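Report on the following structure.
Bear in mind that the values in this text are calculations on the coordinates, not laboratory data. Fair warning: this is a prediction, and the values are worked out from it, not measured in the lab. Cβ placement follows ideal geometry from the backbone for every residue including glycine, while neighbour counts extend to all protein chains displayed.
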2 protein chains.
Amino acid sequence: MVVYRASTTAPVNIAVVKYWGKRDPKLNLPTNSSLSVTLSQDDLRTLTTASCSETYTEDVLLLNGSPSDLTGARTQACLRELRALRAALEAKDASLPKLAQLKLLLVSENNFPTAAGLASSAAGFAAFVRAIADLYELPASPTELSLIARQGSGSACRSLFGGYVAWRAGAHVDGLDSKAVEVAPAAHWPNMRALILVASAAKKGVSSTSGMQQTVATSGLFQQRIAEVVPANMETMEAAIAARDFPKFAEVTMRDSNSFHATCADTYPPIFYMNDVSRAAVRAVEAINTAAGKTIAAYTFDAGPNAVIYYLEEDSETVLGTFYALLESTEGWKKGTNPKSSVQLDEAVSDSLKTGVSRVIMTGVGEGPQKTDVFLVSEDGKPLSTSA
Amino acid sequence: MVVYRASTTAPVNIAVVKYWGKRDPKLNLPTNSSLSVTLSQDDLRTLTTASCSETYTEDVLLLNGSPSDLTGARTQACLRELRALRAALEAKDASLPKLAQLKLLLVSENNFPTAAGLASSAAGFAAFVRAIADLYELPASPTELSLIARQGSGSACRSLFGGYVAWRAGAHVDGLDSKAVEVAPAAHWPNMRALILVASAAKKGVSSTSGMQQTVATSGLFQQRIAEVVPANMETMEAAIAARDFPKFAEVTMRDSNSFHATCADTYPPIFYMNDVSRAAVRAVEAINTAAGKTIAAYTFDAGPNAVIYYLEEDSETVLGTFYALLESTEGWKKGTNPKSSVQLDEAVSDSLKTGVSRVIMTGVGEGPQKTDVFLVSEDGKPLSTSA
């Protein structure tokens, strides 16, 4: 019995120009382009092994040890496209094993707690697509694979690259020009760091999938965002990254996050992802920049209350130190971290962060998916776990 | 010694289409039209006595017992215009006493605690202008006086009328077409009620005067609000009031509040007036409407965390009852109030309201400024107090 296997890791990405709104929900085509920073897989990654064998009787996905649904239209679209590409290879070269017709066993694990409320679907779908592409030995480039991953989860297309990644919205009805490209590799601006403040939130209110379509349908301000605000932000952001201009990068990051959450608040009924803890993080970043006399930190928020704070390695002491002074006993600081900062926060801001932040994650810009010899499926086709 | 006196009351108004943004800060000309409901003076009013006498040596304003600055450009603009109108009357009729040249003593008191964080400047400036106009026996109509009051505090122009009041933005550079008009008297739709949930907030972050100009200068979404969103809201709102269509009135009220706070969140740096308590009030209103199977309550928020909830008298039981169940021990319920409601709120929403609401105010639509014989200046020109 032959079991074919391929394993890959894939990273989380956090957008600095946000994806919010689909112009085609079926093909996952966005209303606007977006841009993200890929975060280091040392801290946040999905590991996925794709395998196929004649002994398998159905497609199976195990996610963090639990069976996960593969029958959704989006997952099926990814599987169908990947199998079609493999089948085309097999048709051209009769010596290739017929993998396209075999059932798949996919086993996937995150190295971070799901409870952290971090959007793991981007890393998950990127790893899913990359692992199967590797299993099938597809010659497809990351950009070509991004067209497939996009159909699984929009922002997943950006997790096929490391560094600084744009997802071009495209204009075609078929979505063939809606894909991810590398704006700059991690090595271009390697000192970019991110501190994630995980807000101990209750359950998430509105899923981003349904939330963004409510915004498209009901927000009176949304058209302005996609017609004017985002195109300008994309242009400024790409120039800021090219020039390694942190103050400009930071300003666009903060403005775009604000604009995105404004359109959420303008949705009817309104969607609130940020809470009082999130707002305290905004005020803390403003206080850090004011104290520094220049912009050395930038906040951004996805569809939840967690703050992601971008800063440069050389400003670690001030940026990390400000939060460390409040959150020293909070889980997640890296060993040996003991930064000092003289930034004084308003008491209400300090109190809110102290009571509302349940964990921190220290990370930075990182690489794209990596092939690995760590397998989550044994040579004889049994699921394994790294966390056992 | 003759002391000339006139006393008036003036109401608070709460906008359902919001004023936010000046196109001319000096003349207080707005970027967009707005529309408000005048609230009953039984619950919220300013009482102001204007007096003048040859014995006065300077213009003086006492506000809730404390001397208040009269030298600001806006106050001076109001005083200058009112005196010019009086001087014109005196020039035409030599028999009139020469009041325009006398110094003024103005004494003003609110019947509600300033700590409530309710915008009292609208009622304050409306009473200020109306009292002096009465003292001077000016023949000016409320709309003519609204041109003056507007220069003191924009939204004050709407407090010169009762009922449902529009402030037409106007287009002229001199602002002579930027004035308030009655859309409908209180008697047209007298069963409109308002419940105010006062959120025990810390100090206010950003004053509305500076906040709105930051929005105009920095929000990428604001132009859409003034060009498209507000004109449509004004039109729909006026039709809803004409037809006494509460669901439509409510929808525009909620959408416009959301739109206004969205442009605040889109300001750079962002302005947050609503907090987690405010958002809980939004969710409570949504729950009430869902339970009722129709829209019977509408939230709106000004430049602060307090919720104003509009509803109709006939829905008092359900709307008030939902909040009374949580807030029975909170200050402000009218004697004999004991409404029952079967609406169940989410626990997080209930908890947030229970801990965050410090006072309620029960009120409804009401009349405009009223001349009164209650004076806050004695016949011999000494300040009095009603609250002693």
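Enumerate the residues in segment A:30-54 having an amide nitrogen under 13 Å from the point lying 7 Å beyond the Cα of A:ASN64 toward its Cβ. Correct set: A:45-47.
Rounded if a/c is under 1.5, else prolate if a/b beats b/c, else oblate: with a ≥ b ≥ c from the C-alpha gyration tensor eigenvalues square-rooted, which is segment A:58-181? Oblate, because a/c is 1.5 or more while a/b does not exceed b/c. Within the listed set A:SER141, A:SER34, A:SER208, the residue fluctuating most in the Gaussian network model of chain A (springs between alpha-carbon atoms under 10 angstrom) is A:SER141. The charge dipole of segment A:296-383, taken about the Cα centre with unit charges on the Cβ atoms of Lys, Arg (+1) and Asp, Glu (-1), comes to about 180 debye, rounded to the nearest 20. Per-residue ellipticity at 222 nm from helix content only, as computed over chain B with -39500 (n - 2.57) for each DSSP H run of at least four residues, stands at -11000 deg cm²/dmol. The mean sequence separation of alpha-carbon pairs under 8 Å and at least six residues apart, normalised by the residue count of chain B, gives a relative contact order of 24 percent. Computed across the protein assembly as shown, the Kirkwood hydrodynamic radius from all distinct Cα-Cα pairs reaches 29.0 Å. Along the axis of the charge dipole computed for chain A (Cβ charges of +1 for Lys and Arg, -1 for Asp and Glu, origin at the Cα centre), the listed residues A:THR75, A:PRO185, A:LEU353 are led at the positive end by A:THR75. Viscosity 1.306 mPa s, temperature 10 °C: what is the translational diffusion coefficient of segment A:132-186 from Stokes-Einstein with a Kirkwood Rh over Cα pairs, rounded to a whole number of µm²/s? Answer from the Stokes-Einstein relation: 140 µm²/s. Here's the list of aspartates and glutamates a cross-link from B:LYS371 could span, going by alpha-carbon distance under 18 Å and ignoring same-chain residues fewer than 8 apart: B:ASP42, B:ASP43, B:GLU109, B:ASP134, B:GLU137, B:GLU144, B:GLU379. Neighbour counting of Cβ atoms within 10 Å sorts the residues B:MET362, A:MET192, B:MET234, fewest neighbours leading, into B:MET362, B:MET234, A:MET192. Across all directions, the average projected area of the convex hull around the alpha carbons of chain A is 19.3 nm².
Charging the Cβ of each Asp and Glu at -1 and of each Lys and Arg at +1, and nothing else, the dipole of the protein assembly as shown about its Cα centre rounds to 280 debye.
Taken about its Cα centre, chain A carries a charge dipole of roughly 500 debye when the Cβ of each Lys and Arg holds +1 and the Cβ of each Asp and Glu holds -1. Look at the dipole of chain A built from charges on Cβ: of A:ALA149, A:ALA100, A:ALA281, the Cα furthest out on the positive end belongs to A:ALA100. Shape analysis of segment B:211-349 places it in the oblate category; the axes a ≥ b ≥ c from the Cα gyration tensor give an a/c of at least 1.5, with a/b not above b/c.
Normalised by the number of residues in segment A:194-319, the average gap of Cα pairs under 8 Å and 6 or more apart makes the relative contact order 35 percent. Measure up A:LYS294/A:LYS354; B:LYS18/B:LYS92; A:LYS18/A:LYS334; A:LYS103/A:LYS334; B:LYS18/B:LYS382; B:LYS22/B:LYS248 against 31 Å on the Cα-Cα distance and list the ones that go over. The answer is B:LYS18/B:LYS92; A:LYS103/A:LYS334; B:LYS18/B:LYS382. Here A:ASP43, B:ASP177, B:ASP380 are placed in order of increasing Cβ neighbour count within 10 Å, fewest first, which gives B:ASP380, B:ASP177, A:ASP43. The smallest convex shape that holds all Cα atoms of segment B:100-161, its convex hull, gives 94 Å³ per residue. Counting other Cβ atoms within 10 Å as a rough exposure proxy, the listed residues A:PHE222, B:PHE128, A:PHE246 run A:PHE246, A:PHE222, B:PHE128 from fewest neighbours to most.
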